[in-house]
Amino acid sequence: MKTPVSLSPDNTDLPVIDQLLAGNERFRQNEFQEQYTRYSTIARQQHPKVLWIGCSDSRIQSGHITHAQPGMLFIHRNIGNIIPV
């Protein structure tokens, strides 16, 4: 039987998948519950005001670096920010 994952913010000694699962659990228990109305609204429809075209780079998190709330950005990521004309 697997030992339950601690929900402390620092789980760096755990395998990556367990870190991600613990992060998802923290999200569900905290942010999702605190912003339940917002998530319920954007689950039914979306009307982002910005198309954000970015590079497929794991180091850049568009919502994080812009402090955008869920539903604010429509994000398209591709190699090298290429936009065919």
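No lab work stands behind these numbers, since they all come straight from the coordinates. Since this is a predicted model, take the numbers as computed values, not measurements. Here Cβ is always computed from backbone atoms with ideal geometry, including for glycine, and neighbour counts include all displayed protein chains.
Below, the figures for the structure above:
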read-out	value
Rounded to whole Hz, the Karplus (6.51, -1.76, 1.60) HN-Hα couplings of the range 67-73, x for glycine and proline	6, 6, 7, x, x, 7, 10
Separation of the C55 and L21 label points, Cα + 7 Å toward Cβ, nm	3.4 nm
Candidate values (i) 15.5; (ii) 20.5; (iii) 12.7, label of the one derived for Kirkwood radius over Cα pairs in Å	(i)
Per-residue [θ]222 nm for the chain (sum of -39500 (n - 2.57) over DSSP H runs n ≥ 4, rounded to 500)	-10000 deg cm²/dmol
Amide hydrogen neighbours beyond the local backbone of W52, cut-off 5 Å, H modeled	F74, I75, H76
Between 0 and 90°, nearest 10: helix 16-29 axis offset from the chain longest Cα axis	80 degrees
Trypsin sites (Lys or Arg not before Pro) lying in DSSP loop within the range 46-85, provided at most 13 other Cβ fall within 10 Å	K49, R59
Footprinting exposure proxy for V16, V85 (fewest neighbouring C-beta atoms within 10 Å first)	V85, V16
Overall form of the range 42-85 per C-alpha gyration tensor (a/c, 1.5; a/b vs b/c)	oblate
Ranked D18, D13, D57, criterion: other C-beta atoms within 10 Å, fewest first	D13, D57, D18
